[in-house]
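**Q** First, the structure itself, so that you have it in front of you.
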Amino acid sequence: MSSLVWPSATLLITNGQVCTLDPCEGSALGLCDGGTVVIGDDTILYAGPATEVPHDIEIPPDVTVIDAQGRTVVPGFVDPHTHLIFGGWREDEFEERLQGVTYQAIAARGGGILRSVRQTREASRETLINNGLRALDRMLLLGTTTVEGKSGYGLNTATELRLLEALELCDRMHPIDVVPTFMGAHEVPAESRPDTESYVRQVIEEQLPAVVEQGIAQFCDVFCEANVFSLDQSRRILEAAKSLGLKLKIHSDEFENLRGTEMAIELGAVSVDHLHMISPAGIAALANSNTTGVLLPGTAFYLGGKHYAPVKDMLAAGCRLAMATDFNPGSSVTENLQLINTIAVTQMRMDPIAALQAMTINAAHAIDRQDTIGSLVPGKQADIVILDMPNYRHLAYHYGVNHVWQVIKHGQVVVRERRLVKSQRV
Ligand SMILES: [Zn+2]
């Protein structure tokens, strides 16, 4: 009678090609044709062959059943690196770049991130939140159920706090879980230039204590790159964040190798992100660590670059790799992890199985949520996507379309037959 003793099902998904992403004998994906997923409230009770559902799970006669009709059932996608909230778009810079003006040249004249900073500082709280919610709606329709979002378009204490508050409100108002990251060290603001050092002191002495006092941010991130923050400055910011109890991330090895990857791993960073220019020493350090490498191939693709992270070398060395959209208004304007999957497979020659792991269980590792999301395992959060494909291999192969048929978040159907169940707009 008591659900404490006999777990009771509230939702069943039947007749799917279930990929639990929990490796089992003979299958790195935990693959099961004709599989069943049993959900009790917001929790997965069982995922696997229909014939092996444990007898101690009570299946009430009126339980809701979704017949997947042979479709593919996977964990909700996790996007572990986005710049979710910003004040405006930069489509004119996109066209300039296509004509050969470099990202660095646009940044040097006050465009790029600095332009987004101006737009963001001018935007109202409602505009910022609504921009975030619209992006989250698009992500949910595309199968993303958890997303990391960074501040970093404020670059002063008040606006950075406002962005973190907006991220928290988006988390509360939308079915997608939003994991907030403080990134005051995203760029040096115009008013501090050329004195980068004074801004680093402001981040450490003023912004970080205020962010920790506010109590929203879970991670601190820093852009370790030539003409942004040096290796030493990045280290000091991350050490200060760590001493205040924040978990660490880094943007490293995107355009130049400053050895930021090795430094962040040494400090125990949860993830190191970008890695286009990672060195053999960086690969070895990553492989021998508990840190997850986050690939952002959308940036190289979108900027028309040819240089991608050396995925084959990293996988051969044993690195754990995730992938993310890097959604932002400049270098990667997409909410679509399915598209990133195809870019990873075709441009970086990533194995399709590794690519699916990279957007589920390994992406969960990249935000330190591997114990609650990223795979279909009893006890984990019931975040599940049903893809209108006959098997998982179609995800990379059949590209540029949205395969999502249904999305279940915390055990509730939030996308039904390709439509949001209800508007999440405020
Ligand atoms: Zn980024």
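No value in this document is a laboratory result; all are computed from the given coordinates. Bear in mind the structure is a predicted one, so any value in this text is a computation, not a measurement. All Cβ positions, even for glycine, are placed from backbone atoms using ideal geometry, and neighbour counts span all protein chains on display.
**Q** Gln412 to Asp195: FRET efficiency via 1/(1 + (r/R0)^6), r the Cβ-Cβ distance, R0 60 Å, to the nearest 0.05? Don't skip to the end; give the middle numbers.
**A** Values: r = 51 Å, r/R0 = 0.84.
Efficiency at R0 = 60 Å is approximately 0.75.
**Q** To continue, here is another question. Measure nothing fancy, just the Cα-based angle from helix 125-141's long axis to the longest principal axis of the chain, in degrees from 0 to 90, nearest 10.
**A** 40 degrees
**Q** Using a Gaussian network model of the chain whose springs link C-alpha atoms within less than 10 Å, name the residue from His307, His83, His276 with the highest mean-square fluctuation.
**A** Maximum among the listed residues: His307.
**Q** So, one more: When the Cα centres of region 341-398 and region 248-263 are compared, how far apart do they sit, in Å?
**A** A separation of 25 Å, based on Cα centres.
**Q** Further, regarding this structure: Using +1 at the Cβ of each Lys and Arg and -1 at the Cβ of each Asp and Glu in the chain, identify which of Ile66, Gly374, Gly87 lies farthest towards the dipole's positive end.
**A** Of Ile66, Gly374, Gly87, it is Gly87.
**Q** Between the helical axis of 231-243 and the dominant principal axis of the chain, each derived from Cα atoms, what acute angle in degrees is found, rounded to the nearest 10?
**A** The two axes meet at around 50 degrees.
**Q** Which of the lysines could a cross-linker span from Lys422 if the Cα-Cα distance has to be under 24 Å and same-chain partners fewer than 8 positions apart are dropped?
**A** Candidates past the 8-residue exclusion: Lys409.
**Q** Looking at region 65-118, which trypsin sites (Lys or Arg not before Pro) are DSSP coil and have at most 13 other C-beta atoms within 10 Å of their C-beta? Don't skip to the end; give the middle numbers.
**A** Numbers: sites: Arg71, Arg90, Arg97, Arg109, Arg115, Arg118; in loops: Arg71, Arg90, Arg109.
Here the sparse-neighbourhood loop sites are Arg109.
**Q** Going 7 Å from the Cα of His394 in the Cα-to-Cβ direction, what parts of region 5-22 have a backbone nitrogen less than 17 Å from that spot?
**A** Correct set: 14-19.
**Q** What does the helix-only formula give at 222 nm for the chain: each DSSP H stretch with n ≥ 4 adding -39500 (n - 2.57), the total divided by the residues, and the result rounded to the nearest 500 deg cm²/dmol?
**A** Computed ellipticity for the chain at 222 nm equals -9500 deg cm²/dmol.
**Q** Once both axes come from the Cα atoms, what is the angle between helix 157-173 and the longest principal axis of the chain, in degrees from 0 to 90, rounded to 10?
**A** Taking the Cα atoms of the chain, the angle to 157-173 is about 10 degrees.
**Q** What distance in nm separates the simple spin-label points at Lys312 and Val65, each placed 7 Å from Cα in the Cβ direction?
**A** 4.8 nm
**Q** Then there is this: I need Met173, Met263, Met323 ordered by Cβ neighbour count within 10 Å, fewest first.
**A** Values: Met173 16, Met263 22, Met323 34.
Fewest to most other Cβ atoms nearby, the residues stand as Met173, Met263, Met323.
**Q** Which residue, Pro209, Pro60, Pro378, tops the fluctuation ranking in a GNM of the chain built on C-alpha contacts under 10 Å?
**A** For the chain, modelled as a Gaussian network with Cα springs under 10 Å, the answer is Pro60.
**Q** What's the exposure ranking of Cys24, Cys224, Cys32, Cys170, going from fewest to most Cβ atoms within 10 Å?
**A** Numbers: Cys24 12, Cys224 30, Cys32 22, Cys170 26.
Sorted ascending by nearby Cβ count, the order is Cys24, Cys32, Cys170, Cys224.
**Q** Give, rounded to the nearest 20 debye, the magnitude of the charge dipole that region 175-248 has about its Cα centre when Lys and Arg contribute +1 at Cβ and Asp and Glu contribute -1 at Cβ. Kindly include the intermediate steps, with their values, before the conclusion.
**A** Numbers: 6 positive and 12 negative charges, 42 e Å.
Around 200 debye, computed over region 175-248.
**Q** Please give every one of the lysines within straight-line cross-link reach of Lys247, meaning a C-alpha to C-alpha distance under 18 Å, and leave out same-chain neighbours fewer than 8 residues apart.
**A** Lys150
**Q** To the nearest 20 Debye, how big is the dipole of the chain about its Cα centre, given +1 on the beta carbon of each Lys and Arg and -1 on that of each Asp and Glu? Each step should come with its number before you reach the end.
**A** Numbers: 34 positive and 51 negative charges, 134 e Å.
In debye, rounded to 20, the chain gives about 640.
**Q** In nm, what is the difference between 0.36 nm times the number of residues separating Arg419 and Thr346 and their Cα-Cα distance?
**A** Going from the current span to full extension adds 23.4 nm.
**Q** Please arrange Lys249, Lys409, Lys312 by how many other C-beta atoms lie within 10 Å of their C-beta, fewest to most. Could the numbers behind the result be given before it?
**A** Numbers: Lys249 30, Lys409 23, Lys312 13.
Sorted ascending by nearby Cβ count, the order is Lys312, Lys409, Lys249.
**Q** Still on this structure: In whole angstrom, note down how far apart the Cα centers of region 200-235 and region 16-72 are.
**A** Taking the Cα centre of each part, region 200-235 and region 16-72 sit 43 Å apart.
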